[in-house]
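The values are calculated or read from the model by the stated rules, or taken from the named source; none is laboratory data. Please read all numbers here as calculations on a predicted model, not as lab measurements. Cβ atoms come from the backbone with ideal geometry, glycine included; neighbour counts cover every protein chain shown. In case anyone asks, the SASA skips ligands and DNA or RNA and just uses the protein heavy atoms, side chains included. Shrake-Rupley method; radii C 1.70, N 1.55, O 1.52, S 1.80 Å.
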Amino acid sequence: MAIGIARVPARGRGLTMLVKGRDLINGVSRELEISQADIAGALSDLVGQIVSTVLGMLARLEPELAADLHERGIVMTGGGSLLREIDQALSAATGLQVSIAQDPLSCVAMGAGRAMEDAIYNGVMADG
């Protein structure tokens, strides 16, 4: 969380930090410096899957929804949106404005709760 990033930093290795753990090969404790570039490399396949999924969804959108996205952009929610620069990676891939919700971890649950309390949404969120 401290130095995780979705894209390799533009300038070199980016932020670094020391991590401690057990060297599985030698079985001894070890300290190692990792960088944002290291993290971005490790996450590149996962970030690529997210980008690919979003691009696939955008290709299947109805024209009205596509027009809304081009006008208003994408708002990201959930824990994945907390990954530094994930919004910039998606924006670069889609050409759309991408922003992160104010409270990405709980905004979907809060919205669903409000919808269930509002009579105008009766039946919309029904099971089945």
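Overview of values
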{"read-out": "Along each principal axis, Cα extent of the chain, largest first, Å", "value": "61, 32, 25"}
{"read-out": "Solvent-accessible area, 1.4 Å probe, carbon plus sulfur percent, for the range 1-89", "value": "56"}
{"read-out": "Residue-averaged 222 nm ellipticity for the chain, from DSSP H runs of 4+ at -39500 (n - 2.57), nearest 500", "value": "-13500 deg cm²/dmol"}
{"read-out": "Normalised contact order of the chain, rounded percent, pairs of Cα under 8 Å and 6 or more residues apart", "value": "22"}
{"read-out": "Helix runs (DSSP H) in the chain reaching 18 Å along axis by Cα, Kyte-Doolittle at least 0.0", "value": "36-59"}
{"read-out": "Solvent-accessible heavy-atom area per residue, rounded to whole Å², over the chain at 1.4 Å", "value": "72"}
{"read-out": "DSSP-defined beta bridges in the range 16-128 - what % are antiparallel, rounded to 5", "value": "70"}
{"read-out": "Coil-residue trypsin sites (Lys or Arg not before Pro) of the range 59-113, DSSP, other Cβ within 10 Å capped at 12", "value": "R60"}
{"read-out": "Neighbourhood net charge (15 Å Cβ-Cβ; Lys/Arg +1, Asp/Glu -1) for V47", "value": "-2"}
